[in-house]
Amino acid sequence: MTSKGVEYTFYVGNLPAGIEVEAVDAGAEKPKLRVYVNGTGQWVTGNVQIGIDGLGLTGRFSWESDTTPVYKGIADINPITGNATGGNLIDMMNTPSHTDGGIDISYGFYDAGPGIGDLTNQDQAYSYFTLSQETWMGDLASAYSQVGSAPFSSFVLPGAHDCGTFDLSTVKDILIARRRHRSRIP
């Protein structure tokens, strides 16, 4: 059977919130996977193969929160080509994190290719709902006096590694400026 796999990871911290996850084969009327991730602070991971069940070109992997406002992630997947063809998850550069009502929400989707070399051939989806982390540095400094007296340069900021590298137009501008600068050197 032709199919495309989706490895998924979902986490909902100890919150009054949850996420419903579904996967539907191309041409199918009923989901082949339906999982509810509740706010108990547990990780839910797995793999589902989006295949063909009747007439249809695309299956769907999706999730939806039961928060207010509601957050949804949708990826329409062609099990024959393996490509994600529609939905709000297919552009991984357009999956911004949100802070809403004391809850932080991060999500993303990787549309994997055929798995050449060490790369996976399984799409990957994730969504994390946690209590707001807006004051994490202040909370850390309050809990540990040695942290509060340390210089800022000693902090390692989570996620800062790739900060600003998501916009290739900036890289293009840097390369153009560098080329101009080199052309002025005798």
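The values are calculated or read from the model by the stated rules, or taken from the named source; none is laboratory data. What you see is a predicted model; the values in this text were computed from it and never measured. Every residue, glycine among them, receives a Cβ derived from its backbone with ideal geometry; neighbour counts consider all protein chains shown. For accessibility, only protein heavy atoms count, side chains too; no ligands or nucleic acids. Shrake-Rupley method; radii C 1.70, N 1.55, O 1.52, S 1.80 Å.
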### Query
Rounded to the nearest whole Å², what accessible area per residue is found for region 1-117 with the 1.4 Å probe?
52
### Message
Based on alpha-carbon centroids, what's the gap between region 123-148 and region 13-32 in Å, whole number please?
### Response
28
### Query
Of the chymotrypsin sites (Phe, Trp or Tyr not before Pro) in region 1-74, which ones lie in a loop per DSSP and count no more than 10 other C-beta atoms within 10 Å?
none
### Task
Label the chain by shape, choosing from rounded, prolate and oblate, from the square roots a ≥ b ≥ c of the eigenvalues of the Cα gyration tensor; if a/c is under 1.5 it is rounded, and otherwise prolate applies when a/b is larger than b/c, oblate when it is not.
oblate
### Message
Could you work out the relative contact order of region 1-109? I mean the mean sequence separation of Cα pairs under 8 Å and 6+ apart, divided by the number of residues, in percent.
### Response
24
### Query
For region 103-116, what does the Karplus curve 6.51 cos²θ - 1.76 cosθ + 1.60, with θ = phi - 60°, yield as ³J(HN,Hα) per residue in whole Hz, taken in order and with x for Gly and Pro?
10, 9, 10, 10, 7, x, 8, 10, 8, 6, x, x, x, 7
## Note on the structure
Per-residue ellipticity at 222 nm attributable to helices in the chain (runs of n ≥ 4 DSSP H, -39500 (n - 2.57) apiece, nearest 500 deg cm²/dmol) works out to -4500 deg cm²/dmol
### 5 angstrom amide H check on I77, placed H, neighbours 5+ away
G59, R60, F61, T85
### Query
What longest region of the chain stays clear of GluC sites (Glu not before Pro) that DSSP places outside H, G, I, E and B and that have at most 13 other Cβ atoms within 10 Å?
30-133
### Task
Compute the label zone of S154 within region 124-144: residues whose backbone N is under 13 Å from the point 7 Å along Cα-to-Cβ.
141, 144
### Summary
Applying the gyration tensor rule to the Cα atoms of region 99-149 (axes a ≥ b ≥ c; rounded if a/c under 1.5, else prolate if a/b exceeds b/c, else oblate), the class is oblate
### Relative contact order (%) - criterion: Cα under 8 Å, at least six apart; region: the chain
18
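Given R₀ = 25 Å, FRET efficiency for H98-R34 by Cβ-Cβ distance, to 0.05?
Here the calculated transfer efficiency is 0.55.
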### Carbon plus sulfur fraction of accessible area for the chain, probe 1.4 Å, in percent
54
### Query
With the Cα gyration tensor of region 25-114 giving a ≥ b ≥ c as the square roots of its eigenvalues, does the rule (a/c under 1.5 for rounded; else a/b larger than b/c for prolate; else oblate) give rounded, prolate or oblate?
prolate
